[in-house]
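Here's the structure, in structure tokens; my notes come after.
The values are calculated or read from the model by the stated rules, or taken from the named source; none is laboratory data. Just so we're clear, the structure is a prediction, and the values are computed from it rather than from any experiment. With ideal geometry, Cβ positions are generated from the backbone for all residues, glycine too; neighbour counts draw on all protein chains shown.
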């Protein structure tokens, strides 16, 4: 049976996902209409650039969570406060650096697009770039606070703050879009929300660690070595992930223009929501797996890997098949036929790539971190990223945005999804055949069955509006229950149903 803290953290992550979906469902069409295709492409491009700043964390987020949990386990409260202050100092420095770069680059960003922006759009783009730089500084500060809270095994509190911020954005966005320069209004809203989030996280952090110092500390060489020995391996992993996930937008902007960025960004956003559902389950496993590793409990690690992969692949097969089949109809109804009809193959390729990433990244990552073996998947993902980038540059002018999506799918399925699980199986002593039969095949079966059901249901009830799209999606639930019953072990079925039914009891911080 899952531990109460794991159940609480998973459920809190999943609560935020429908809120994010609701926000996107109602707000994105308003944003698209307010900005028009050109400025929405610019907005998507600028926000895509922000994703690269995750590289600057250099893996310190995972290191902070690990050492806070470790020091709390030994009741070393002084070290908890010290490691937080050190990371806060590093993050604040990184945030100020990002702000400075954004200010310096703001005059050059409008010139990167293949199709020149109008003078007014270029001016707005420059100011927006400056504001997003300020947002980055605030997000870095908030990240240090989030890491501390997660190290206290309270992912649910971090999720709760994120939910509140979604609600604030939900209420405020329609008002800022009425401004004469709606993109500037959006950027100012993002700055305000980031500042509010940092303040709320600081209050929450104080409830977990009384007398927590909120002033950054200068790290010693020993402290830097401690943090970066663990963090740098994760950093190189993140480098690969970011190249895989976000260079597509940059390649499209440079070769096809802002309008094509807008077309690609929306299906990518749908895929990201599905990946968030899976990460809501896999992303909270590190503290528990670290305990297993410290106890040298190899059997528990093997069982956990098979179970985690099985559940993640099952969820991925269901979600990605749904997006492949219903995504274009949803986009046609959501933001217009100009955005949905042209992206069918984009969704096919991105959905298949995301399924490969479940095997290569979502399921095994926490296991590699707990075993201090992150360097291997980092190298593999960097190789995948290089292939992805090269193929994107080659296929973009030949196949358009579908070619860029195909360039993501091929390396994900033929490189990382084959190499990384096989390596982890050898390290854990799990026969690769057992992983495939007991954990991967349920996901593949779910993917294929969902595609078949949705194709048949679309023939009976064409998904042309929201009720028919929802009705088609609901038709997959019986087959999902059947595949789950036929392919999952009895004890695991009971544990999963118990987790979904359970209302976790509050745990004192």
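Quick look at the values:
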{"read-out": "Of all residues making up the stretch 387-437, the number that are surrounded by fewer than 19 Cβ atoms within 10 Å (Cβ to Cβ) and not in a helix (DSSP H, G or I)", "value": "2"}
{"read-out": "Counted residues, the stretch 100-123 - those being assigned to a helix (DSSP H, G or I) and either touching a strand residue (DSSP E or B) at 6+ places or on another chain (Cβ under 9 Å) or closer than 18 Å to residue 191 by Cβ (or both)", "value": "6"}
{"read-out": "Criterion (touching a residue at least 12 places away in the same chain (Cβ under 8 Å), more than 29 Å from the chain's Cα centre (by Cα) and either part of a helix (DSSP H, G or I) or surrounded by 19 or more Cβ atoms within 10 Å (Cβ to Cβ) (or both)) met by exactly one of 79, 62, 126, 85", "value": "79"}
{"read-out": "Hits in the stretch 267-304 (condition: more than 15 Å from the chain's Cα centre (by Cα) and in contact (Cβ under 8 Å) with a residue 40 or more places away in the chain)", "value": "285, 286, 287, 288, 289, 290, 292, 293, 298, 301, 302, 304"}
{"read-out": "Flag if residue 22 is at pLDDT 75 or above, surrounded by fewer than 19 Cβ atoms within 10 Å (Cβ to Cβ) and either in a helix (DSSP H, G or I) or under 22 Å from the mean Cα position of the chain (by Cα) (or both)", "value": "yes"}
{"read-out": "Any hit, the stretch 154-161, residues being in a helix (DSSP H, G or I) and closer than 15 Å to residue 140 by Cα", "value": "yes"}
{"read-out": "Residue within the stretch 316-324 that is over 20 Å from residue 476 (Cβ atoms) and touching a residue at least 60 places away in the same chain (Cβ under 8 Å) present", "value": "no"}
{"read-out": "Pairs with Cβ under 9 Å, 6+ apart, first in the stretch 381-409 and without any contact (Cβ under 8 Å) to a residue 40 or more places away in the chain, second buried (at least 19 other Cβ atoms within 10 Å of the Cβ) and not in a helix (DSSP H, G or I)", "value": "none"}
{"read-out": "Residue ID - surrounded by the most Cβ atoms within 10 Å (Cβ to Cβ), chosen from residues in the stretch 247-263 that are assigned to a helix (DSSP H, G or I) and over 23 Å from the mean Cα position of the chain (by Cα)", "value": "258"}
